[in-house]
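Take a look at the structure set out below.
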Amino acid sequence: MGRKATDERIILDSSIQYQQQRQSEKNGFDELSRGDLKYLREGHFPEDDFEPIPWLMYYATIFSYFVLYVFGTLRDVTRRLGLEKVRSQIEEHRKGYPALYKSFDAFYTRNIYRPIRDCWNLPLLSVPGATITLRDRTSDNYNWTFRYLPTKTTYVNLGSYNYLGFAENEGDCADQVEKCLESNGYSLCSSRHELGTHAEHREVESILASFLGVDEAIVIGMGFATNSTNIPTLVGPGCLIISDELNHASLCLGCKLSGAVTRKFKHNDMRHLEKVLERAVCYGQPKTQEPWKKILIIVEGIYSMEGTIIDLPRVIALKKKYKAYLYLDEAHSIGALGPNGRGVVDYYGADPNDVDLLMGTFTKSFGAAGGYIAGKRSLVNYIRATSFSFAYAASMAPPVARQIIASCRQIMSTSEGEQRLKTLARNTRYFRKRLKQMGFIIYGNDDSPVVPLMLYLPSKIAAFVRDLMDEKIATVGVGYPATPLTESRVRFCLSAAHTREMLDMTLECIDKVGDRLHLKQSVRNRNTSEEILY
Amino acid sequence: MESLMEYGEYIYSVPSKFAFELSLVAFAVWMWKKNLAESNSTRKMTDQEKAQILANFTPEPLCDDIPEDHYALNPRIVSGRIGKRITVNGKDCLNMATNNFLGLSDRPDSNEKATKALRNYGVGSCGPRGFYGTADVHLELESRLAKFMGVEEACLYSYGFSAISSAIPSYSKNHDVIFADEQVNFAIQQGITGSRSTVYYFKHNDPNDLERLLRAQDERDRKDPKKAKNVRRFLIIEGIYMNTGTLVNLREIVKLRAKYKCRLFLDETISFGVLGATGKGVREHFGVPNSEIDLIASTLEHSISSYGGFLCGSSFLMEHQRLCGLAYCFSASLPPLQAVVTLTHLDVVSEDPEIMEKLRENCKKMQNMLMEGLTHLRTDSHPLSPVKVLVLSEAEDRVVAEEKLNAIVTFAENHGVALTVFRRLPKEELLEHPPSIKLTVSSLLTESDMKSVVEVLNEACSQL
Ligand SMILES: Cc1ncc(COP(=O)(O)O)c(C=O)c1O
């Protein structure tokens, strides 16, 4: 450990910032929270960027939904009249029962999602690395059903969460996993509390704790369940959860299952967070006005749909000021951010012990599966004893644990790991800058490897994804319900495995498609002649 | 003035839009009033007062202290492969504790296939199903599972616990009603909590009690028929109950389902791959037609000895799951190599249904031996259940009972039999369960193995 910074500038900046923040803690919080909230970030960390939707675009989007609605209704009428074949499934044997689904959802699926269903769920035939091989398919009935063809095509992969490029089928990690499979088998068929604690779990937990710089860590077989089965053990009735409005479904589910009251604050808006906190502390629980038993703030490191990075120093300061606890989900940021790849905590140079619970998943940067929770010994021990997953669900399979150990070791102590971190950071900046220069509206932070490009119109999702598919580039289009109705977007996930040639080729294609689909909507000033260095 | 007239014209031309805008205004006024009322009740504070309150605010610690000797902090460590034998804390034991009922967890051919998959797909799929996380083996496995279960479609989850707990809230919403057996496993309980539906628990395996609750629901619905038209009713049961090892009274329950128009969700966590000539579970065991059951959930972590879980049923339900199942849509897919292992094991089971027959034989034999041979322990589990829940035959104080059971498990381990105390989280469970030992039966056991287990258990008890 103690590796030299991959990007000295970042380290330097972050430590200055952190010093400033520490100083301001000593001086009293008012300076930090009430004074000019902007000063911490100035000139150092790139700001989250949310260029507002151009008004013409806004109305065009609304109009586009109107058109979709009219056509959808028309088609429903033709279906009812028997002019068009009804292909939706109908529920058999349940006549006279209350309908199982709401009609709006069914309408949306039938008339809006269905026609462009070919943009998702393509079957994968290879490792989801820098390139990806997908089975070709076709539909004879406008995407109601698919027919799989014997042929396959290879694409440049900008869709998978393979940030550090550990999705590999050869090399050191795969070799270790193979050995582990040989000696430890593929499943344990028991829970951690019963007889499912394997020697591999011990190893992965200790290595993870040292990677994250905390006392202890635990691993759980699924990232989603790490949130949904552990948040309820921490808070309950009489407690308050303050959650970012854009938090992931698993966090929301955890909040819901806990029985605590959940309040939301505007995405990454620290002023609003402070308001909510102040209100919570001063006015206590509704009706009784008793103080809350505990207040838990839940945020994510990188937001996977917006590409934003949480303003962690400010969150930590607020959490301390208002005596709240902090749960940080680093699903997308662990490995992908920071000079040592230790996530958003590392990115800002913060002390990991300032965050009560560090959570993250292995499905992204580590190319494995599952999730972890790390923190102080007493807390992790508490979760060990009370986690629903530890008591009731199967423990992580040994080969998966081995993949985590191998990739974690590589990040921590080899030059290859260092190289991966550097390449990812460079790819990210280059790709984002180039897109912005072309005039696209790109959300999020310049250091975030999640790059959402705004399309706005729902129909452009399919157009964009299909056009890029034709150019042999695989991307992910996202629309309602994963985003607000008017903010359909396409998302690129960068990886350390991408080469500059791949990125240049991709950028060229996006440029072309962007012109064709009128996507270059940014009204910002930009220097189009500046050459962006890789 | 002109603009006003224009607005009038516009209202006239799109009345529905006007109605919408009017309702928006009304809503805004209502919210404003409500806010006003709220801020009146919570009077304004000065900064000083606020600082005072903040200074006095002492939240509870985030977590309680766990005693150092808690079992979760001192787990027994398994090493190497598990199968008929298991290495616990470095000691080789007969495996009577893990859920690989069919003994599939230690097969060289599965290992070979898994390695091959590793060399093609890597380990993780690096994405949810929708975003390039669907491997061809996932699709193959789903259609294979559907065929195995004899239903239209199956839907694969990357975690057994999440399958049923994600399925329930995706169908049952907050104004719906759920009827569930009081002994349902914890994953179902979580699913029910997540759905926010009204829930009524009926006495374990008691159709009469269920009917009583259903009648009461009819009564309520009669009072408000308009609302009742949209209230869906769900009935949730398990095939073999994980908590008790008892077999569901399926025929009776199915009758009530039809009579009271409920939809039936069945969790086959234990019974999948165990009951029925071809392993389809309780449905096959009782000869109940598919149309009676809306959704079947099971894990692949038990008899199939792989990883993940699945839901299956009609395409009408599964399609919804693929768009609205939270843990399906918002989580990375199962590592392809684990899907390959599952496929291999499904083939093994289909080609050689004998091993299920062998398992059922063993379950019955074990049950007989336990019923006849045990001196200080007893079980209420069904003869066909591969999970035997053993409780102390004399009622004891909880703490004492737990100590005794721990001592039995330790004794057995020293004598070469790996057992486990049934671990639950009493604070979170719906019912209080008496402390027990969970003994699992696998198809690999021979008669003398089982005999020795009973002997060891008796010896352990006599030492207490
Ligand atoms: C913030 C966040 N938390 C949790 C998860 C779930 O992780 P997993 O895919 O490992 O279940 C995700 C995945 O998309 C995520 O983005």
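Applying a 10 Å radius around every beta-carbon, put A:285-294, B:433-442, B:266-275 in order of their mean neighbour count, most first. All intermediate terms of the calculation are to be shown ahead of the outcome.
Details: A:285-294: 14.2, B:433-442: 22.6, B:266-275: 29.0.
Ranked by mean Cβ neighbours within 10 Å, highest first: B:266-275, B:433-442, A:285-294.
Remark: accessible area buried at the A-B interface is about 10300 Å², both chains counted, probe radius 1.4 Å. Between A:Leu485 and B:Lys261, the modelled labels are 3.2 nm apart [label points 7 Å from Cα along Cα→Cβ]. Using Cα positions and a limit of under 18 Å, work out the lysines in reach of B:Lys147, with same-chain residues fewer than 8 apart set aside. Straight-distance partners of B:Lys147: B:Lys280. Dipole of chain B computed with +1 at Lys/Arg Cβ and -1 at Asp/Glu Cβ about the Cα centre; of B:Ala117, B:Val184, B:Thr440, farthest Cα towards the positive end is B:Val184. In this view, the solvent-accessible surface of B:Leu104, computed with a 1.4 Å probe and all protein chains in place, comes to about 0 Å². Here chain A is assigned +1 on the Cβ of each Lys and Arg and -1 on the Cβ of each Asp and Glu. Its dipole about the Cα centre then comes out at about 1520 debye.
Of the peptides A:58-69, A:126-137, the order by per-residue mean of other Cβ atoms within 10 Å, starting with the highest, comes out as A:126-137, A:58-69. Within region B:78-186, none of the GluC sites (Glu not before Pro) combine a DSSP coil assignment with at most 10 other C-beta atoms in a 10 angstrom radius. Which of the listed residues, B:Val282, B:Met318, B:Asn230, is farthest toward the dipole's positive end in region B:122-351, when Lys, Arg count +1 and Asp, Glu count -1 at the beta-carbon? The one lying farthest along the dipole's positive direction is B:Asn230.
Using the beta-carbon distance between A:Thr414 and A:Asn527 and R0 = 51 Å, what value does 1/(1 + (r/R0)^6) give for FRET efficiency, to the nearest 0.05? Walk me through the numbers on the way to the answer.
On the way: r = 39 Å, r/R0 = 0.76.
According to the calculation, E is roughly 0.85.
For the listed peptides A:176-182, B:337-343, a ranking on the average number of other beta carbons within 10 Å per residue, highest first, reads B:337-343, A:176-182.
Please give the contour-minus-distance gain from A:Ser88 to A:Gln285: 0.36 nm per residue of separation, less the Cα-Cα distance, rounded to one decimal in nm.
On the way: separation 197, 0.36 × 197 = 70.92 nm, distance 4.73 nm.
In short, 66.2 nm is gained.
Averaged over the residues of B:131-144, the number of partner chain Cβ atoms lying within 10 Å of the residue Cβ comes to 5. On a 0 to 90° scale, report how tilted helix A:398-413 is relative to the longest principal axis of chain A, with both axes built from alpha carbons and the result rounded to the nearest 10. Between helix and principal axis, roughly 70 degrees. Taking every residue in A:221-232 and counting other chain Cβ atoms within 10 Å of its Cβ, the average works out to 6.
Across region A:225-232, coupling constants 3J(HN,Hα) worked out from phi with the 6.51/-1.76/1.60 Karplus curve, θ = phi - 60°, read 5, 4, 6, 6, 9, 10, 4, x Hz, and Gly and Pro carry x.
Taking the Cα centre of region B:122-351 as origin, work out the dipole magnitude from +1 charges on Lys and Arg Cβ and -1 charges on Asp and Glu Cβ, in debye rounded to 20. Don't skip to the answer; put the middle values down first.
Values: 25 positive and 26 negative charges, 227 e Å.
With Lys and Arg at +1 and Asp and Glu at -1, about 1100 debye.
For region B:420-456, backbone nitrogen atoms closer than 17 Å to the point 7 Å from B:Val399 Cα along Cα-to-C-beta are found at B:426-427, B:435.
Against the longest principal axis of chain B, how steep is helix B:398-414, in degrees 0 to 90 to the nearest 10, with axes from Cα atoms? That helix lies at roughly 50 degrees to the long axis. For chain B, carbon and sulfur atoms together expose 54% of the accessible surface, with a 1.4 angstrom probe and every protein chain in place.
Per-residue 3J(HN,Hα) values for region B:367-375, derived from phi via the Karplus relation 6.51 cos²θ - 1.76 cosθ + 1.60 with θ = phi - 60°, read 4, 4, 5, 5, 5, 8, x, 6, 9 Hz in sequence order (x marks Gly and Pro). Computed in the context of the full set of protein chains, the accessible area of region A:172-413 at 1.4 Å probe radius has 48% of its extent on carbon or sulfur. In a DSSP loop and with at most 11 other Cβ atoms within 10 Å, there are no trypsin sites (Lys or Arg not before Pro) in region B:328-416.
Relative to the present Cα-Cα distance, how much length would full extension add between B:Lys91 and B:Thr58 at 0.36 nm per residue of separation? Don't skip to the end; give the middle numbers.
On the way: separation 33, 0.36 × 33 = 11.88 nm, distance 4.86 nm.
Result: 7.0 nm gained on full extension.
Assuming charge only on the beta carbon of Lys and Arg (+1) and of Asp and Glu (-1), the dipole of chain B about its Cα centre is about 1000 debye to the nearest 20. Counting heavy atoms of the protein chains alone, B:Val137 has an accessible area of about 10 Å² for a 1.4 Å probe. Qualifying trypsin sites (Lys or Arg not before Pro) in region B:121-169, where qualification requires a DSSP coil assignment and no more than 15 other C-beta atoms within 10 Å, are lacking entirely.
Principal-axis analysis of the Cα atoms of chain B puts helix B:207-223 at an angle of about 0° to the longest axis.
Which whole-number value in Å² is the accessible area per residue of region A:456-534, probe 1.4 Å? Walk me through the numbers on the way to the answer.
Working: 3670 Å² over 79 residues.
Here the residues of region A:456-534 average 46 Å² of exposed surface.
Summarising the label geometry, the points placed 7 Å from Cα in the beta-carbon direction at B:Ala26 and A:Asp76 lie 2.3 nm from one another. Only protein heavy atoms count here; on that basis, with a 1.4 Å probe, B:Asp294 has an accessible area of about 10 Å².
Using only helices, what value at 222 nm comes out for chain A when you add -39,500 (n - 2.57) per DSSP H run of length 4 or more and divide by the total residues, to the nearest 500 deg cm²/dmol? Using -39500 (n - 2.57) per qualifying helix, the result is -13000 deg cm²/dmol. The helix-only estimate of mean residue ellipticity at 222 nm for chain B, built from DSSP H runs of length n ≥ 4 each weighted as -39500 (n - 2.57), is -15000 deg cm²/dmol after division by the residue total. Mean partner shielding of peptide B:233-244, defined as the number of other chain Cβ atoms within 10 Å of each residue Cβ, is 0. In region A:431-534, a dipole from Cβ-located charges (positive for Lys and Arg, negative for Asp and Glu) runs towards its positive end, and of A:Pro481, A:Asn525, A:His498 it is A:Pro481 whose Cα lies farthest in that direction. The residues of region B:122-351 have, on average, 28 Å² of accessible surface per residue, using a 1.4 Å probe with all protein chains present.
The values are calculated or read from the model by the stated rules, or taken from the named source; none is laboratory data. Since we're looking at a predicted model, the values are computed, not measured. Glycine gets a Cβ as well: all are built from the backbone with ideal geometry, and neighbour counts include every protein chain shown. Please note that ligands, DNA and RNA were not included when accessible areas were found on the heavy atoms of the full protein model with its side chains. Shrake-Rupley method; radii C 1.70, N 1.55, O 1.52, S 1.80 Å.
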